[in-house]
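Readers should treat all values here as calculations from the given coordinates under stated rules, not as data from a laboratory. This structure is a prediction, so every number in the text was calculated from the model and none was measured. Note that each Cβ is placed from the backbone with ideal geometry, even for glycine, and that neighbours are counted across all protein chains shown.
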Amino acid sequence: MSDCLFCKMIRKEIKAKIEYEDDNLFAIHDINPQAPIHLLMMPKRHIESISTMQASDGELLGKLIYQAKQIAAAKGWQHYRLVFNNGSESGQSIFHIHLHLLSGRSMHWPPG
């Protein structure tokens, strides 16, 4: 989607602090972190939200979660939280599916 903020970052039209990138996935540091470590991980292919994903997107999103684990392990982050928001009332403000990887502090429950 041409006007999507994350798509523009993926295409390098907007600068982002990139943590990880491969042919299918992209991870950046959140500009408004909610923990000392706060990455946003997303597929490069535009998928609006969990609600709009198709069964065929499952493998890609599984790789996204697995790569979050790989990044955490490589960085030595033993305790972390993974979060998907779905829809504006859940806190999704950019409608390109993305996974929050949060670490660096004790996480509490319920989260919000």
On a 0 to 90 degree scale, rounded to 10, what angle separates helix 58-75 from the longest Cα axis of the chain?
-> 40
Directionally averaged projected area (convex hull, Cα atoms, region 1-82), nm² | 5.9
Treating the beta-carbon of each Lys and Arg as +1 and of each Asp and Glu as -1, no other charges, what is the dipole magnitude of region 5-103 about its Cα centre, to the nearest 20 debye?
-> 260
